[in-house]
1. Net charge within 15 Å of S142 by Cβ-Cβ distance, Lys/Arg positive one each and Asp/Glu negative one each, not counting S142 itself?
2. Taking all pairs of different Cα atoms in segment 103-218, averaging 1/r and flipping that mean, what Kirkwood radius in angstroms comes out?
3. Checking the table K104/K429; K90/K356; K364/K506; K429/K537; K365/K537; K90/K435 against a 27 Å threshold on Cα-Cα, which pairs fail?
4. If eta is 0.692 mPa s and T is 37 °C, what Stokes-Einstein diffusion coefficient results for segment 371-496, Kirkwood Rh from Cα pairs, in µm²/s?
5. Hey, any idea what % of segment 137-195's accessible area is carbon plus sulfur with a 1.4 Å probe?
6. Can you give the percent of C-alpha pairs in segment 310-444 whose distance is more than 18 Å?
7. What order, most packed first, do the peptides 366-373, 207-214 have when packing is the mean number of other Cβ atoms within 10 Å of each residue?
8. Before anything else, pin down the relative contact order of segment 354-465: Cα pairs under 8 Å, at least 6 apart, normalised by residue count, whole percent.
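The values are calculated or read from the model by the stated rules, or taken from the named source; none is laboratory data. If you're wondering where the values come from, they're calculated on a predicted model, not measured in any experiment. Positions of Cβ are generated from backbone atoms using ideal geometry, with glycine treated the same way; all protein chains shown enter the neighbour counts. SASA here: full protein model, heavy atoms, side chains in, ligands and nucleic acids out. Shrake-Rupley method; radii C 1.70, N 1.55, O 1.52, S 1.80 Å.
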Amino acid sequence: MPFNGEKQCVGEDQTSDSDSSRFSESMASLSDYECSRQSFTSNSSSKSSSPASTSPPRVVTFDEVMAAARNLSNMTLAHEIAVNENFQLKQDALPDNSLAGRVKHIVHQAFWDVLESELNADPPEYEHAIKLFEEIREILLSFLTPCGNRLRNQICEVLDTDLIRQQAEHSAVDIQGLANYVISTMGKLCAPVRDNDIRELKATGNIVEVLRQIFHVLDLMKMDMANFTIRSLRPHLQRQLVEYERTKFQEILEETPNFSVTKTLADLAKKEMNHGRMKAAHKIEGKAKMSKQESVRNLSRKDQGQGALDQTTEWIKESVNEELLSLSETALTPGAENSSKLSLSPTLVLNNSYLKLLQWDYQKKELPETLMTDGARLQELTEKLNQLKIIACLSLITNNMVGAITEGLPELASRLKRISAVLLEGMNKETFNLKEVLNSIGVQTCVEVNKALMERGVPTLNAEIQANLVGQFSSIEEEDNPIWSLIDKRIQLYMKSLLCLPIPQKCMPPMPGGLAVIQQELEALGSQYANIVNLNKQVYGPFYANILRKLLFREETMGKVDASPPAN
């Protein structure tokens with residue numbers, strides 16, 4: 001996880017000990033000569049990654065903004081392919097009951113009805129059919145590798161449209177024979193998963209329906225080929241991801257100083273591309289043509305006084321302020337060593353910033369620019385973690401209240417955990433009533449505990465204990481609930497320990513007390529979280545180091561922090 005811009009390999013999920021050493025040396029250098037005024041004002045650091053400067057705003061053209069948006073889209077796609085093993089392209093099927101779906105069905109049906117009427121005419125009209133075979137030929141040729149010359153020549157010879165037109169003029173064309181050849185060739189080129197589709201094509205008797213299904217299967221084959229290409233490129237992309245993503249990110253910052261504008265345009269372009277809507281794309285272009293100078297003025301005015309990474313800077317600055325406050329309180333504690341200098345660890349600051357992402361409000365709060373490619377994954381992890389926190393709280397309350405009488409019943413704890421997990425599914429939705437669900441879990445817990453006690457011939461829980469148990473379950477959602485706060489602190493401690501390890505998968509930190517019920521899930525979630533963090537550090541380490549130098553130097557000049565030089 002170096003901060004020195006060295007090229008790294010992403011083939012390993014976690015950094016090695018040498019990587020951690022270089023990272024520590026790089027972060028320690030922030031308190032040495034690199035933190036001098038000369039390093040902050042020199043051109044050696046990335047100018048685009050620094051907080052706002054007093055220089056006048058640079059004029060940004062609309063073309064530069066759109067180029068940056070394309071770079072952001074490409075960077076996001078490459079990142080998703082590299083880190084998401086399950087990433088694949090899927091056909092965008094329109095709902096049958098939607099207006100667009102009905103229009104598409106009507107238009108397609110009209111086309112095939114016209115083709116059928118032409119082929120059934122006397123004499124038959126083959127022009128549309130010939131054009132279809134010409135399109136089929138191009139699609140089949142696109143599946144071939146550069147060395148497939150023999151099959152390429154065969155396809156071009158059999159599906160020679162000039163020859164087919166001459167045969168059609170003399171009523172000697174064999175449409176069914178051409179379709180059979182196409183199906184046979186598709187069987188040679190398709191993936192095994194399409195064998196059933198090929199058999200169904202061979203069993204179809206109507207030539208129009210055969211052509212219709214040929215195009216359907218060809219669309220599936222094109223998607224299969226695209227996903228195969230993605231799987232083939234993934235290992236190569238993983239090895240080059242750190243350097244590629246860092247380079248692309250730097251290009252984006254250099255092309256447009258306002259990252260939010262770039263992201264908005266990239267998201268809009270991606271949305272319109274996914275839905276195939278050209279009207280909105282033309283609207284974007286029209287806005288650009290409407291007043292390029294006005295767009296440039298607006299961008300310049302908006303960027304004036306702001307940094308390219310203002311969200312990232314604020315994200316790190318918040319942790320810096322919290323650490324400074326913590327150090328100040330420690331220094332004022334009676335019995336603490338009286339020191340005029342407070343040392344602040346950049347590594348600790350950055351790790352605390354990452355921990356904030358596990359309590360982030362992803363609906364209302366904008367993510368730092370350097371974490372936008374992992375926003376969906378971080379949000380999913382946060383939602384899973386919130387569910388695990390509640391399960392741990394419920395388990396702790398149950399053990400405290402009825403643990404003595406249910407001791408020796410491990411199957412009961414597992415059953416209660418499964419019930420809680422099922423009822424808490426979807427707890428992050430706005431329509432989810434957490435208090436009502438917690439009450440239901442409490443009632444169900446009492447039922448299960450009484451059932452287990454009856455099986456052992458032990459008296460069941462009285463009404464007072466049951467009411468108390470249900471009440472404590474329902475109170476978990478209340479602000480400053482002591483059980484929730486305790487579990488949250490212990491999970492934060494575990495995650496913090498996880499970030500300090502060079503290879504979390506091979507050496508997991510000890511699990512704090514009270515979390516044994518969610519240990520397996522928490523370790524798996526923690527490994528995913530650490531993978532995201534460590535890769536992010538590798539890619540954006542130089543940008544973070546530059547921001548930290550600025551923030552720590554500023555605090556030093558204000559007398560809030562005086563970083564001591566590292567020992568030689």
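1. On the way: positive: R137, R152, K188, K222; negative: E134, E135, E138, D219, D224.
Result for the neighbourhood of S142: -1.
2. Numbers: mean 1/r = 0.0667 Å⁻¹.
Hydrodynamic radius (Kirkwood, Cα pairs) of segment 103-218 is 15.0 Å.
3. Details: K104/K429 33 Å; K90/K356 34 Å; K364/K506 36 Å; K429/K537 31 Å; K365/K537 22 Å; K90/K435 38 Å.
K104/K429; K90/K356; K364/K506; K429/K537; K90/K435, as the Cα separations exceed 27 Å there.
4. Using the Kirkwood radius from Cα pairs, D works out to 210 µm²/s.
5. Values: 1680 of 3410 Å².
Of the solvent-accessible surface of segment 137-195, carbon and sulfur hold 49 percent.
6. Details: 6120 of 9045 pairs.
Looking at segment 310-444, the distances longer than 18 Å represent 68 percent of pairs.
7. Packing proxy ranking, top to bottom: 366-373, 207-214.
8. RCO, segment 354-465: 21 percent.
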